[in-house]
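Asks: Could you have a look at this structure, given as structure tokens, before my questions?
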Amino acid sequence: MYKHFIRPILFHLNPETAHNFTMKSLTALRYVPLGRTFAKMLFKPKTPNLSREVFGITFPNPLGLSGGFDKNGEHYNDLANFGFGFVEIGSLTVNPQEGNPKPRLFRLPSDKALINRMGINNKGVRYAIDQLIENKPKVIIAANIAKNSSSLNDEAGKDFETAFARLYDYVDMFVLNISCPNVESLSELQDISFLSEIVDRLLSMRMYYTTYRPIIIKVSPDISLESLDRILDYCMSYGIDGIIACNTTRKREGLKASQSQLGKIGKGGLSGAPLYKKTLDTVRYIHQKTEGNLPIIASGGISTPEQAQEMLDAGASLIEIYTSFIYEGPSAAKNILKHLEANAIARKNE
Ligand SMILES: Cc1cc2nc3c(=O)[nH]c(=O)nc-3n(C[C@H](O)[C@H](O)[C@H](O)COP(=O)(O)O)c2cc1C
């Protein structure tokens, strides 16, 4: 139904318009009698064998929705009806920001991929908190936080600290976005001198709270092995709770899309199917390097139920999707979860 009727219509629209239209439809569904119950019945399978504890949090299943889909925390409960075990809201910055000029989101259908240079457009942390107060979350919420584009990297620590403090009582865990390719020099924050300055502040602050909120770092697939090793050493030495591998890539390798199409699109982060191999290799590398002691959230190119299983088998504790949700539609999570559940049962009985 989605692939034959709804997707062709949505794909006729500009990608950002299609996204906003879909989000508005989700809001409208709240006012349709039994709309949410119906969505849940259709798309949220029962998966009692997929529950797991990671970072001290019990997840009903390992599949989450990646950062950037529900940028302002307006739809996490609606999206949970599609089966997701957790939803990452944001990236959120302390002050609202417009992001980059449009057009800034592009489809590459032949590659089942997207290119975006959104530039962390969002309504700011305070707006998201209002949403979280108004719509009590029925799903585990990760707040993905970033610095404002106007803040210099030297001021990033202050931005992260403010966002962290304001959101602390409203979310379950934090993701630090230090790897967005679309904000000038943001990925420099992966340099250990910047990173430790930011994270040290958050770790010190966290000591004063009575509740514990995990802190997870999201890295780029484009960083060098040396930089990744330094981040892993830092995570292991300072008690960072986990790592997300990975964000979108600036690279354009192995695509079916023509050079002229790519040239017209220009700069941006590539997501979707072409990222899968790199994500899998990175997950394997981190798992082996940290001897399985650093929980990994795999993000990047997971498009099929088999790939979801492969990523978990490679050492990921949790997995996330974004682009395949666009291409596969509302059944994307359900198809993955049903496969994982069947495997979990089969493995239990082995
Ligand atoms: C349109 C779009 C917007 C995104 N915005 C963010 C963001 O604000 N913060 C972030 O950390 N990642 C963002 N991402 C990256 C995704 O969270 C994810 O890491 C990436 O798309 C790879 O996963 P996928 O191949 O399943 O899409 C965005 C991705 C897309 C396609």
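Asks: Report, in debye and to the nearest 20, how large the dipole of the stretch 48-144 comes out about its Cα centre when Lys and Arg carry +1 and Asp and Glu carry -1 on their Cβ.
Replies: 260
Asks: Once both labels are modelled 7 Å past Cα along the beta-carbon direction, what's the D229-I9 spacing in nm?
Replies: Reported label-point gap for D229 and I9 is 5.4 nm.
Asks: As an exercise, find the ratio Rg/Rh for the chain from alpha-carbon atoms, using the Kirkwood inverse-distance average for Rh.
Replies: The Rg/Rh ratio comes out at 0.93.
Asks: Moving on. Quickly work out the N95-to-S258 label distance, labels modelled 7 Å from Cα along the C-beta direction, and quote it in nm with one decimal.
Replies: Using points 7 Å along Cα→Cβ, the separation is 4.4 nm.
Asks: With the dipole of the chain worked out from charges on the C-beta (+1 for Lys and Arg, -1 for Asp and Glu) around the Cα centre, which of P330, S258, F194 lies farthest toward the positive end?
Replies: Farthest towards the positive pole: P330.
Asks: I need to check one value: relative contact order of the stretch 87-140, counting alpha carbon pairs closer than 8 Å and at least 6 residues apart, in percent.
Replies: Across the stretch 87-140, relative contact order equals 42 percent.
Asks: Grab the DSSP H runs of the chain that are 4 residues or longer, score each as -39,500 (n - 2.57), total them, divide by all residues and round the 222 nm result to the nearest 500 deg cm²/dmol.
Replies: So the calculated ellipticity at 222 nm is -11500 deg cm²/dmol.
Asks: Charges only on Cβ, +1 for Lys and Arg, -1 for Asp and Glu: so what's the dipole of the chain about the Cα centre, in debye to the nearest 20?
Replies: 1380
Asks: Pairs to check: K3/K338; K136/K218; K112/K278. Give those whose C-alpha atoms are more than 22 Å from each other in this structure.
Replies: Violating the 22 Å limit, Cα to Cα: K136/K218.
Asks: Could you grab the relative contact order for the stretch 1-147? Cα pairs under 8 Å, six or more apart, rounded to a whole percent.
Replies: Relative contact order comes out at 22 percent.
Asks: Now a separate question. Sort 158-167, 76-85 by the packing proxy (mean of other Cβ within 10 Å over each peptide's residues), most packed first.
Replies: Per-residue Cβ counts within 10 Å, averaged per peptide and sorted highest first, yield 76-85, 158-167.
Asks: Within the stretch 137-155, find all residues whose amide N lies under 14 Å from a label point positioned 7 Å from the Cα of E184 along Cα-to-beta-carbon.
Replies: Only 148-154 pass the distance filter.
Asks: If I require 15 Å or longer along the helix axis, counting alpha carbons, and a Kyte-Doolittle average no lower than -0.5, what helices from the chain are left? Use full DSSP H segments.
Replies: 15-29, 156-167, 192-206, 225-238, 332-348
Asks: What is the spin-label model distance, in nm, from I133 to E197 if the labels are put 7 Å beyond Cα along the C-beta direction?
Replies: Label-label distance for I133 and E197, simple model: 3.3 nm.
Asks: Find how much the distance from M41 to E16 grows on full extension, using 0.36 nm per residue of separation minus their present alpha carbon separation; answer in nm with one decimal.
Replies: Contour length minus Cα-Cα distance gives 6.2 nm.
Asks: Could I ask something else about it? Which shape class applies to the stretch 1-153: rounded if a/c is under 1.5, otherwise prolate when a/b exceeds b/c and oblate if not, where a ≥ b ≥ c are the square roots of the Cα gyration tensor eigenvalues?
Replies: The shape class here is oblate.
Asks: Nothing charged except the Cβ atoms of Lys and Arg (+1) and of Asp and Glu (-1): what's the magnitude of the dipole of the stretch 274-350 about its Cα centre? Round to the nearest 20 debye.
Replies: The dipole magnitude comes to about 40 debye.
Asks: Take each of the peptides 34-47, 222-235, average the number of other beta-carbon atoms within 10 Å over its residues, and list them starting from the highest.
Replies: Top to bottom by mean Cβ count within 10 Å: 222-235, 34-47.
Asks: Over the chain, what is the mean sequence separation of C-alpha contacts under 8 Å (at least six apart), divided by residue count, expressed as relative contact order in percent?
Replies: Taking the mean separation of contacting Cα pairs over the length of the chain, I get 18 percent.
Asks: Where both residues lie in the chain, what percent of DSSP beta bridges are antiparallel, nearest 5?
Replies: Counting DSSP beta bridges with both partners in the chain, the antiparallel share is about 30 percent.
Just so you know, all these numbers are worked out from the coordinates, no wet-lab data involved. This is a predicted model, so every value here is computed, not measured. As a convention, Cβ positions derive from the backbone with ideal geometry for all residues, glycine included, and neighbour counts pool all protein chains shown.
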